[in-house]
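Step one of this worksheet: look at the structure below.
The values are calculated or read from the model by the stated rules, or taken from the named source; none is laboratory data. Remember, it's a predicted structure, so these values are computed and weren't measured experimentally. Positions of Cβ are backbone-derived with ideal geometry, glycine not excepted, and every protein chain shown enters the neighbour counts.
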């Protein structure tokens, strides 16, 4: 099988250990040796996702090229009629060599073997014998390469051994053992090259060279855990896993991140544990390679935010209200209460579902509501309204963001991807590194805007532009781009490929829908739809925001439910009263609220029936990510208490209502979906579990590149085609939207996202609490002066439905606007732009 390359890529002949291969010109020698010849040239500093530096010298090989006559270009033959090879006088680093026609490589000669042994001996002179207690033991490249290539005996004079600090906290999440570090610089280069957060560096020199963090707080990035994956030794370990288990004790279960629209492929490392009553529990979360989705990387929220799956605060028994009090009941009694309430609604039944619920759950919920004569299926939160346009002109089939580069363009509008979908931010920033033109449009500064305004990165030029618009004017800014920013428009229109990411930052539902239509029109009129690496994406909240759309749940219906509450409302894995301060008003008007929930919260306090559901780690299911890729996740740990998968609860209620026999498995539910929803026709579990060989080959059984980036054995998923993939689409009308206006003495609060927050699902991960921001509101310097506020003042922010107390910060914000993060305060804050007032709270003066 050849390395996946573009059709016009030139192929050249390379000879590796006397065998010829046709390979893509310019391919890295280490990669092609592994891919074509199954030859693991040993490496420490090299990683296929990083620029080669040739630091460790472990990959030295004999290198030559076939001689050609300078005049005729013919191959020069020796006396035996064989091509003459001109060899380099010294060994060369394979990781810095790229394939060229006539290249000849020897990887198994005596000189090469001796050099590998010598390099390992030098490394081991300062390396501690920590293998029996090292977290990397059993999946350590240094261990493996030492056994295969290293000296059998040590000549080390033990009294000369260098001693350095051990267990050094680089931050709250990552520990460094300076004795184990071999100075390969993978961690430093990952942060500099890929992430763009230069928070690590080298300090001292010679044998005292060591890694330090230069940020405050230490190692301040959303991607720190990935450095422990690519570290080829046990120098970097996570606070979550260190001393927790041995690799051979754990079972790897394929899964999908439950946090955002990226749909990161992960592997849950499971082990029976006494801390969990002898049951299997998640010991760590690791990346699972999917080059279409997350490549090898996951965010720290995905890595460290799994503790809610076994939180003691989880709901573990059904509850039914008698009078004003919810009490624990058996499942039989809970089902009876639910059936009685649903039968008594006379068809006036509706449902609201959140973006973290699976397709199987959504289908059974839809069947239940429609079987009772209801039709209203709402999506929560009701802020992102462009899923229909993502289905229409979303990125084309076979899109892979890692293929974007020179000649391509990216537009990110009304989205703070750093906080909303970190993996998209990482991959799009890398596309700019490769030469893509990055445009960021927003009413406020974001991290992506910083990248767009860069002109130089990693000693290479980069290009981009920033477009600021007035709050609420996102759609107009894109619609008028051709007249207001012609240079930017022309670069987007003339790009070979164009990807647009449009969100709802600072917008309400109508504003987001208008923006999505404006972006769709831009793509259609510039002919950037219906083909790979072109089209629309949106950071719809949750891992299954697109699944909500495909199975009939919309935010517009949610608005109708809010305006006209039904007799019975089923709320499935959504927390309206936790998110929206106005939710208590309309929830109180519903006769019977039935919740399917993980945690007790403000919404369940309004419920008459509370049904405990299992988390993503306790059951099988599927999500549809923001690129419309249907992906499967698998049962990893046993259920908490009496919690049941949501689909099973719903199918059981349906059976008791006479709507047919209950399904016995999630696979059976998906099979029914494939027969009834056209876009899911090919999405049987067997198909979703298919895998193909991926390039580069990372972290296989030989633990080649890093040891802990797992091969994908759970399926690469299947992308749903967009409407544009199969035919022409037409531009639509962009609705005019009225921006929220404030009177004198008032401000417009724009809700913004913080990746780390105080949501019920994230708070059980105590390890990350120190990284959760103190509740704050950001306003302009002019508004701060008018209100007599300075940084750090305690203020009360008042709005319809409530008020919160937060710290004031002064920043780069338009006058008249306040940025108010969601899910940082104990009380809910507005989910759409809202008029607020700020008042300073006098604080006692200490004597």
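Yes or no: residue 373 surrounded by fewer than 24 Cβ atoms within 10 Å (Cβ to Cβ), at pLDDT 95 or above, at positive phi and not assigned by TED's automatic domain parsing to the domain that holds residue 341? No; evaluated as a whole, the condition is false for this residue. When 173, 142 are checked against the criterion of being buried (at least 19 other Cβ atoms within 10 Å of the Cβ), in contact with a strand residue (DSSP E or B) (Cβ under 7 Å, 6 or more places away or on another chain) and either at pLDDT 95 or above or not assigned by TED's automatic domain parsing to the domain that holds residue 48 (or both), 173 stands alone in meeting it. Taken residue by residue, the stretch 678-696 has no member that is at pLDDT 95 or above and assigned to a strand (DSSP E or B). For the stretch 794-834, which residues satisfy the criterion of being more than 20 Å from residue 601 (Cβ to Cβ) and not in a strand (DSSP E or B)? Listed by number, the residues that qualify are 800, 811, 812, 813, 814, 815, 816, 832, 833.
Yes or no: the stretch 113-126 includes at least one residue that is at negative phi, in a loop (DSSP other than H, G, I, E, B) and modelled with pLDDT under 95. Checked against the condition, which is being at negative phi, in a loop (DSSP other than H, G, I, E, B) and modelled with pLDDT under 95, the stretch 113-126 yields at least one hit. As a summary of the residue check, residue 155 satisfies the conditions (1) touching a helix residue (DSSP H, G or I) at 6+ places or on another chain (Cβ under 9 Å); (2) buried (at least 19 other Cβ atoms within 10 Å of the Cβ) except for the one numbered (2). Are any of the residues in the stretch 341-348 under 28 Å from residue 683 (Cβ atoms) and either buried (at least 17 other Cβ atoms within 10 Å of the Cβ) or in the same structural domain as residue 752 (by TED's automatic domain parsing) (or both)? For the stretch 341-348, residues under 28 Å from residue 683 (Cβ atoms) and either buried (at least 17 other Cβ atoms within 10 Å of the Cβ) or in the same structural domain as residue 752 (by TED's automatic domain parsing) (or both): absent. Of the helices (runs of 4 or more DSSP H) entirely within the stretch 277-383, those holding at least 2 residues that are touching a residue at least 40 places away in the same chain (Cβ under 8 Å) and within 27 Å of residue 395 (Cα to Cα) occupy 300-304, 359-371. Of the listed requirements (1) free of Cβ contacts under 8 Å to residues at least 24 places away in the same chain; (2) surrounded by 13 or more Cβ atoms within 10 Å (Cβ to Cβ); (3) not in a strand (DSSP E or B), residue 71 misses just one: (2).
For the stretch 421-456, residues that are assigned to a loop (DSSP other than H, G, I, E, B) and within 15 Å of the chain's Cα centre (by Cα) total 1.
Within the stretch 741-753, the set of residues being buried (at least 20 other Cβ atoms within 10 Å of the Cβ) and part of a loop (DSSP other than H, G, I, E, B) comprises 753 only.
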